Amino acid sequence: MPKIRVVVVDDSALVRSLLAEIINRQPDMQCVGAAADPLAAREMIRELDPDVITLDVEMPRMDGLEFLSRLMRLRPMPVVMVSTLTEQGAEITLRALELGAIDFVAKPRIGVSQGLSELASDIVDKIRVAAAAQVKRLASPTPAAAAAPGAAAARPAAPLPRLASTEKIICIGASTGGTEAIREVLAPMPADAPAIVITQHMPPGFTTSFATRLNGLCKIRVAEARDGERILPGHAYIAPGGRHLRIERSGSNYVAVVDDTEPVNRHRPSVEVLFKSCARVIGPNAIGIMLTGMGADGASAMREMKDAGSYNYVQDEASCVVFGMPRMAIQHGAAHEVLPLTQIAPAVLARLANAPAGVRHRI
């Protein structure tokens with residue numbers, strides 16, 4: 001089987017050397033080149049035709065975002081960003097994912113050598129996923145889109161009719177490719193939508209910026225979940241990076257439980273943890289949504305949700321960056337409907353309003 005050919009782009013000679021060493025230790029991949037800046041990388045990509053590139057955010061001669069934007073318009077290919085664990089680094093990384101990067105690795109600010117070595121398995125896993133991911137060409141930005149990145153995704157939505165039950169909660173799980181998929185689902189939600197709880201695989205330091213970014217684009221209020229807070233309509237709650245989110249009952253209310261118990265399916269936060277609690281506590285008042293992501297996290301728990309009476313939507317393969325988690329949810333018999341990403345929010349709203357939602361691929 002041909003090896004995954006990787007080009008490393010980073011202005012640090014130490015980081016380039018470490019990443020090349022990590023990649024070359026793998027039997028299924030090879031670092032075929034390392035560039036110190038995007039202009040050198042451009043020539044290297046033309047010459048070497050790699051399968052994946054790793055791209056630093058902050059570099060001389062041209063910053064990583066500008067290079068990524070040009071790359072995804074002119075020569076789309078899988079990109080794994082290498083970003084710093086800072087608030088600014090998190091915001092830039094989210095913009096990179098919006099531009100089409102498949103995933104990111106957060107390198108430590110100090111102790112880079114040891115830090116990257118500890119992240120070796122995560123780095124190569126993400127390169128493997130990127131190599132198999134679906135990459136879409138980035139459209140040339142309009143002046144409005146360039147002035148307000150991501151704002152064009154927010155579409156007007158009519159208010160929901162008053163629901164017979166105020167107990168409904170929408171439960172979302174996602175991983176690779178999920179930041180943009182979640183935005184696509186949340187943006188059409190009206191201000192009076194049911195409460196939404198979300199687990200997106202993301203490390204500490206990034207979910208705060210993710211929630212803030214979504215809150216500026218959506219009619220509902222979006223924030224990181226806080227332990228013990230009441231789950232309310234018109235709000236979306238994101239599991240904090242590195243911590244699990246569960247839903248529990250407190251009298252007649254739903255409340256968020258946030259903790260740092262052991263990882264589940266190698267993840268913390270884990271979709272499995274959230275969905276299991278939704279099956280146990282919310283039951284038929286839950287609406288489950290499984291979006292793009294690698295692995296199988298949450299698939300069996302989503303089946304538990306279905307068995308408990310929830311109605312579940314799964315993103316289809318054609319619109320996924322990575323079809324792993326949706327595929328496994330389907331294989332577990334957890335899906336009621338498999339839909340393109342752009343049809344999920346309208347279908348959910350139509351179901352809540354007891355209105356037809358057009359043609360659906362029923363399971």
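Right, A256: within 16 Å of V197 (Cβ to Cβ), in a strand (DSSP E or B) and modelled with pLDDT of 95 or more or not? Reasoning before the result, please.
Values: within 16 Å of V197 (Cβ to Cβ): yes; in a strand (DSSP E or B): yes; modelled with pLDDT of 95 or more: yes.
Taking the combined requirement at face value, the residue satisfies it.
What are the pairs with Cβ atoms under 7 angstrom where one residue, in the range 344-363, is more than 24 Å from R183 (Cβ to Cβ) and the other, located anywhere, is at pLDDT 50 or above and crowded, with 16+ Cβ neighbours inside 10 Å? Sequence gap at least six, or different chains.
Pairs that qualify, where the first residue is more than 24 Å from R183 (Cβ to Cβ) and the partner is at pLDDT 50 or above and crowded, with 16+ Cβ neighbours inside 10 Å, are R362/E337; I363/A335; I363/H336; I363/E337; I363/V338.
Among the residues in the range 284-291, are any surrounded by fewer than 20 Cβ atoms within 10 Å (Cβ to Cβ), over 13 Å from the mean Cα position of the chain (by Cα), assigned by TED's automatic domain parsing to the domain that holds R246 and not aliphatic (A, V, I, L, M)?
At the first step, the residues of the range 284-291 found to be surrounded by fewer than 20 Cβ atoms within 10 Å (Cβ to Cβ) are 284-285.
Now restrict to residues that are over 13 Å from the mean Cα position of the chain (by Cα): 284-285.
Then drop every residue that is not assigned by TED's automatic domain parsing to the domain that holds R246, which leaves 284-285.
Then drop every residue that is not not aliphatic (A, V, I, L, M), which leaves 284-285.
Yes, the conditions are met somewhere in the range 284-291.
Check off (1) in a helix (DSSP H, G or I); (2) under 21 Å from the mean Cα position of the chain (by Cα) for M294 and give me the number that stays unchecked.
In the conditions (1) in a helix (DSSP H, G or I); (2) under 21 Å from the mean Cα position of the chain (by Cα), M294 misses (1) alone.
Would the range 351-358 turn up any residue that is part of a helix (DSSP H, G or I) and modelled with pLDDT under 95?
The answer is yes, given that some residue of the range 351-358 is part of a helix (DSSP H, G or I) and modelled with pLDDT under 95.
With P233, P240 as the choices, which residue is closer than 16 Å to R268 by Cα and either part of a loop (DSSP other than H, G, I, E, B) or among the hydrophobic types (A, V, I, L, M, F, W, C) (or both)?
Numbers: P233 fails: closer than 16 Å to R268 by Cα.
On inspection, the qualifying residue turns out to be P240.
For (1) among the hydroxyl-bearing types (S, T, Y); (2) over 27 Å from D316 (Cα atoms); (3) buried (at least 16 other Cβ atoms within 10 Å of the Cβ); (4) assigned by TED's automatic domain parsing to the domain that holds A96, each residue gets a yes or a no:
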{"position": "A187", "(1), (2), (3), (4)": "no, no, yes, no"}
{"position": "G216", "(1), (2), (3), (4)": "no, yes, no, no"}
{"position": "L245", "(1), (2), (3), (4)": "no, no, yes, no"}
{"position": "S250", "(1), (2), (3), (4)": "yes, yes, no, no"}
{"position": "A256", "(1), (2), (3), (4)": "no, yes, yes, no"}
{"position": "S270", "(1), (2), (3), (4)": "yes, no, yes, no"}
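Tell me which of these A40 doesn't satisfy, since it passes every other one: (1) closer than 24 Å to T176 by Cα; (2) at pLDDT 90 or above.
Of everything listed in (1) closer than 24 Å to T176 by Cα; (2) at pLDDT 90 or above, A40 misses just condition (1).
In the list Q134, Q88, which residue meets the criterion of being under 19 Å from T179 (Cα atoms) and modelled with pLDDT under 90?
Going through Q134, Q88 in turn, just one is under 19 Å from T179 (Cα atoms) and modelled with pLDDT under 90: Q88.
Taking the residues in the range 318-335 that are farther than 14 Å from A299 by Cβ and out of contact with any helix residue (DSSP H, G or I) (no Cβ under 7 Å at 6 or more places or on another chain) as candidates, determine which candidate is surrounded by the most Cβ atoms within 10 Å (Cβ to Cβ).
Looking at the filtered set, the residue picked out is V321.
Touching an Asp or Glu at 6+ places or on another chain (Cβ under 9 Å) and part of a helix (DSSP H, G or I): is that true of K276 in this structure?
yes
Kindly provide the set of residues from the range 231-253 that are among the basic types (K, R) and within 26 Å of G205 (Cβ to Cβ), ordered by number.
Initially, the range 231-253 is screened for residues among the basic types (K, R), giving 243, 246, 249.
Those that are among the basic types (K, R) and within 26 Å of G205 (Cβ to Cβ): R243, R246.
Taking A301, is it of a type in the set (A, V, I, L, M), crowded, with 24+ Cβ neighbours inside 10 Å, modelled with pLDDT of 95 or more and closer than 28 Å to G205 by Cβ? So that I can check it myself, show each step before the final result.
Details: of a type in the set (A, V, I, L, M): yes; crowded, with 24+ Cβ neighbours inside 10 Å: yes; modelled with pLDDT of 95 or more: yes; closer than 28 Å to G205 by Cβ: yes.
Yes; evaluated as a whole, the condition is true for this residue.
Only one of these is assigned by TED's automatic domain parsing to the domain that holds C320, touching a Phe, Trp or Tyr at 6+ places or on another chain (Cβ under 7 Å), buried (at least 19 other Cβ atoms within 10 Å of the Cβ) and not in a helix (DSSP H, G or I): V197, V222. Name it. Quick ask: steps written out before the conclusion?
Working: V222 fails: touching a Phe, Trp or Tyr at 6+ places or on another chain (Cβ under 7 Å).
None of the other options fit; the residue is V197.
The values are calculated or read from the model by the stated rules, or taken from the named source; none is laboratory data. Bear in mind the structure is a predicted one, so any value in this text is a computation, not a measurement. When we count neighbours, we look across all protein chains shown, and the Cβ atoms used for this are built from the backbone with ideal geometry, even at glycine.
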